[in-house]
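> My structure is below; once you've seen it, I'll send some questions.
The values are calculated or read from the model by the stated rules, or taken from the named source; none is laboratory data. For clarity, every value in this text was computed on a predicted model and none was experimentally measured. Virtual Cβ from ideal backbone geometry, glycine too; neighbours counted across all protein chains shown.
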Amino acid sequence: MRFLPVLSPPLSPPPADRQDAACPAPAAALDPDGDVTASPDAGFVPREKRVYFEVFGCQMNKLDAELMTAVLLEEGYRFTPEVRDAGVVLYNTCAVREQAENRVFSKLGALKPLKRRRPGMVIGVLGCSAQNHREAIFERFPHVGIVCGTGEFLRLPELIARARTEGPVAALDLDFEHTPRFTRTRSFGPSPQQAYVSVMRGCDQACTFCVVPRTRGKEVSRPVREIVDECRALVDSGVVEITLLGQTVNSYGKRLAKGRVIGLQHVLHELNKIPGLQRIRFITSHPRFMTSELIDAMAGLEKVCEYLHLPVQSGSDAVLRRMLRTYTVDRYRRVVEECREKVRGLALATDVIVGFCGETDAEFQETVKLMEEVRFHGAFVFRYSERAGTRAAAEQADDVPDEVKRERNQVLLRLQSRVSTEILRERVGGVEEILVEGPSKLDPSRLTGRNRANQIIVFPGRADEGLAGNLIPVRITEATSLVLVGERVPA
Ligand code: SF4
């Protein structure tokens, strides 16, 4: 799966038609201890219904956060960007990176004085860290009111109410087979025109560095019909691009039907028929499950984008064995070859971990060699950090010095930056169809969008032109290592 190395910003406010009573209330004033107090006039939302929500980690966490957002909105909660203004503070956590987890822990520590002043405030730790550390979170942070794992977040309104009346409450069941599923009819992100849809939860793999099988349990795939119905409803609400999510999305279908093989390609075929849906993506794929049938579907279905995120993790067979990745470098090469042969214009992204237990310089050089040879369009490079609860933490020594990890990280980042720039430059002069996402965060006189290869394109335009969600042609005029720059051309 793809892990985002950086802290996600707080969720954007709810869609316009749900903002009528959004926080902070219009006539807010500062009370003596500096907290925001809403005046009791129109649009007033009591503090107990105001939620501050921060999300860390991978796309799956963001999707879970969307579902939590929907559940809370339905129960009358509204979101505020200010912790001080909230009656409920929630963190949807990531246990994969030590850094992300430590940030949440330090935020929890910093909330202690506020909780002392406001005993009615409910603080919730949700998601992977909650699942991993369980009730131990209450011991370390006694002011936390909710510890809610990855299988129970749909119970959030009930848990908030119980934490208020009964005190600390934990919800850590991971039995997804019996967890009520939540099918959305509208998307809360990443934009009104783009939606993530989960096709499965959990992971049956046992990569030694990864805490996900412990925090998200065994694989459970959703029936094809349920996914198609959710996607249809999302398209009816204005969504034009759907990204299917799963920890190992291409192993989708296991145990779904006795005596019949169902794979992700079946979902893709069904979604490709939905009128109004323009683009389909899926992340994250495992090299072992990249079948010819799935590659053929990618190649043959016009709505499936030419983008594949296929984490290799290391270019050394010995390291892959220690990671228990269940494929060899040669198998990975063959998969890439078949994908590139069949899917024209394929953009390939990967994840790499440097400094995994026992990684020698020679083993690292094999990764350098593979990256030079494959020439990925993008690579997310991570320094290995030991995670409690993983097999590697229990059985293998985290023995590569930090400075060596940092140096190897830099080597790969430089390599990838050079390759990405070269690949992006090849697109200069061409015209690309891009899906407009909205204004550029860095320059409001420009808009951003993505091409089918998932590359970001920045071009002149204003937010009030109403182009977001449209597919438009853009001529590429320039390339950096991260983005393409373009100009609009007549459709
Ligand atoms: S165990 Fe391996 S395949 Fe499963 S989520 Fe973790 S890294 Fe991905």
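> Would you check if residue 123 is of a type in the set (Val, Ile, Thr), outside any loop (DSSP other than H, G, I, E, B), closer than 27 Å to residue 203 by Cα and over 22 Å from the mean Cα position of the chain (by Cα)?
Details: of a type in the set (Val, Ile, Thr): yes; outside any loop (DSSP other than H, G, I, E, B): yes; closer than 27 Å to residue 203 by Cα: no; over 22 Å from the mean Cα position of the chain (by Cα): yes.
Answer is no for this residue.
> Listed residues 318, 349; which is surrounded by fewer than 22 Cβ atoms within 10 Å (Cβ to Cβ) and within 25 Å of the chain's Cα centre (by Cα)?
Numbers: 318 fails: within 25 Å of the chain's Cα centre (by Cα).
After ruling out the rest, the residue left standing is 349.
> Oh, and also: Among the residues that make up the stretch 299-313, is at least one of them more than 16 Å from the ligand (Cβ to nearest atom) and within 18 Å of residue 371 (Cα to Cα)? Walk me through it before giving the result.
Filtering the stretch 299-313 down to residues more than 16 Å from the ligand (Cβ to nearest atom) leaves 299-307.
Narrowing the set further to residues that are within 18 Å of residue 371 (Cα to Cα) leaves 307.
Yes, there is a match, as at least one residue in the stretch 299-313 is more than 16 Å from the ligand (Cβ to nearest atom) and within 18 Å of residue 371 (Cα to Cα).
> Take the stretch 211-241 and flag every residue that is more than 16 Å from the ligand (Cβ to nearest atom) and more than 13 Å from residue 267 (Cα to Cα). Break it down stepwise before answering.
In the first step, residues of the stretch 211-241 are kept if they are more than 16 Å from the ligand (Cβ to nearest atom); the result is 222-241.
233, 234, 235, 236, 237, 238, 239, 240, 241, listed by residue number.
> On the basis of being of a type in the set (A, V, I, L, M, F, W, C) and surrounded by fewer than 22 Cβ atoms within 10 Å (Cβ to Cβ), does residue 249 make the cut? Spell out the reasoning first.
Numbers: of a type in the set (A, V, I, L, M, F, W, C): yes; surrounded by fewer than 22 Cβ atoms within 10 Å (Cβ to Cβ): no.
Considered against the rule, which asks whether it is of a type in the set (A, V, I, L, M, F, W, C) and surrounded by fewer than 22 Cβ atoms within 10 Å (Cβ to Cβ), residue 249 comes out as no.
> If you don't mind, another one. Those residues that are among the hydrophobic types (A, V, I, L, M, F, W, C) and part of a loop (DSSP other than H, G, I, E, B), I need them from the stretch 369-401; list them, please. First the steps, then the outcome.
Applying the first criterion (among the hydrophobic types (A, V, I, L, M, F, W, C)) to the stretch 369-401 yields 370-371, 374, 376, 379-382, 388, 392-394, 397, 400.
Across the stretch 369-401, the qualifying residues are 376, 388, 397, 400.
> From the set of residues in the stretch 242-263 that are in a loop (DSSP other than H, G, I, E, B) and under 22 Å from residue 67 (Cα atoms), which is farthest from the ligand (Cβ to nearest atom)?
First, the residues of the stretch 242-263 that are in a loop (DSSP other than H, G, I, E, B): 246-248, 252-263.
Restricting the remaining residues to those that are under 22 Å from residue 67 (Cα atoms) gives 246-248, 252.
On the way: 246: 9, 247: 4, 248: 5, 252: 13 Å.
So, considering only residues that are in a loop (DSSP other than H, G, I, E, B) and under 22 Å from residue 67 (Cα atoms), the one farthest from the ligand (Cβ to nearest atom) is 252.
> I've got another one for you. Looking only at the stretch 264-291, filter to residues that are within 16 Å of the ligand (Cβ to nearest atom) and assigned to a helix (DSSP H, G or I); which one of those is surrounded by the fewest Cβ atoms within 10 Å (Cβ to Cβ)?
288
> Separate question: Restricting attention to the stretch 214-235, which residues are in a helix (DSSP H, G or I) and in contact (Cβ under 8 Å) with a residue 60 or more places away in the chain? Write out each step before concluding.
Looking only at the stretch 214-235, we keep the residues that are in a helix (DSSP H, G or I), and these are 214-216, 224-235.
Correct list: 214, 215, 216.
> Regarding residue 312, is this residue under 24 Å from the mean Cα position of the chain (by Cα), assigned by TED's automatic domain parsing to the domain that holds residue 355 and surrounded by 15 or more Cβ atoms within 10 Å (Cβ to Cβ)? It would help to see each step written out before you state the result.
Numbers: under 24 Å from the mean Cα position of the chain (by Cα): yes; assigned by TED's automatic domain parsing to the domain that holds residue 355: no; surrounded by 15 or more Cβ atoms within 10 Å (Cβ to Cβ): yes.
No, not satisfied.
> Would you point out which residue out of 334, 325, 383 is within 16 Å of the ligand (Cβ to nearest atom) and either free of Cβ contacts under 8 Å to residues at least 60 places away in the same chain or under 23 Å from residue 484 (Cβ atoms) (or both)? Spell out the reasoning first.
Working: 334 fails: within 16 Å of the ligand (Cβ to nearest atom); 325 fails: either free of Cβ contacts under 8 Å to residues at least 60 places away in the same chain or under 23 Å from residue 484 (Cβ atoms) (or both).
Only one candidate passes the filter, namely 383.
> Within the stretch 433-447, which residues are surrounded by fewer than 21 Cβ atoms within 10 Å (Cβ to Cβ) and of a type outside the set (Asp, Glu)?
Residues of the stretch 433-447 surrounded by fewer than 21 Cβ atoms within 10 Å (Cβ to Cβ): 433, 437-446.
438, 439, 440, 441, 442, 444, 445, 446, listed by residue number.
> If you don't mind, another one. Of all residues in the stretch 79-105, which are over 17 Å from the mean Cα position of the chain (by Cα), surrounded by fewer than 23 Cβ atoms within 10 Å (Cβ to Cβ) and outside any helix (DSSP H, G or I)?
Answer for the stretch 79-105, where residues must be over 17 Å from the mean Cα position of the chain (by Cα), surrounded by fewer than 23 Cβ atoms within 10 Å (Cβ to Cβ) and outside any helix (DSSP H, G or I): 81, 82, 87.
> Within the stretch 202-209, can one find any residue that is out of contact with any Cys (no Cβ under 6 Å at 6 or more places or on another chain), part of a loop (DSSP other than H, G, I, E, B), modelled with pLDDT of 75 or more and hydroxyl-bearing (Ser, Thr, Tyr)? Don't jump to the end; show me each part of the working.
If we filter the stretch 202-209 for residues that are out of contact with any Cys (no Cβ under 6 Å at 6 or more places or on another chain), which is where we start, we get 202-209.
Subset that is part of a loop (DSSP other than H, G, I, E, B): 202-209.
In the following step, the residues that additionally are modelled with pLDDT of 75 or more were identified as 202-209.
Next cut, hydroxyl-bearing (Ser, Thr, Tyr) only: 208.
Looking through the stretch 202-209, at least one residue is out of contact with any Cys (no Cβ under 6 Å at 6 or more places or on another chain), part of a loop (DSSP other than H, G, I, E, B), modelled with pLDDT of 75 or more and hydroxyl-bearing (Ser, Thr, Tyr).
> Does residue 294 meet the test of being outside any helix (DSSP H, G or I) and touching a residue at least 12 places away in the same chain (Cβ under 8 Å)?
Values: outside any helix (DSSP H, G or I): no; touching a residue at least 12 places away in the same chain (Cβ under 8 Å): yes.
No: the conditions fail for residue 294.
> Can you tell which of 137, 123 is free of Cβ contacts under 8 Å to residues at least 40 places away in the same chain, surrounded by 15 or more Cβ atoms within 10 Å (Cβ to Cβ) and farther than 29 Å from residue 384 by Cα? Give the derivation first.
Working: 137 fails: farther than 29 Å from residue 384 by Cα.
From the options 137, 123, the qualifying one is 123.
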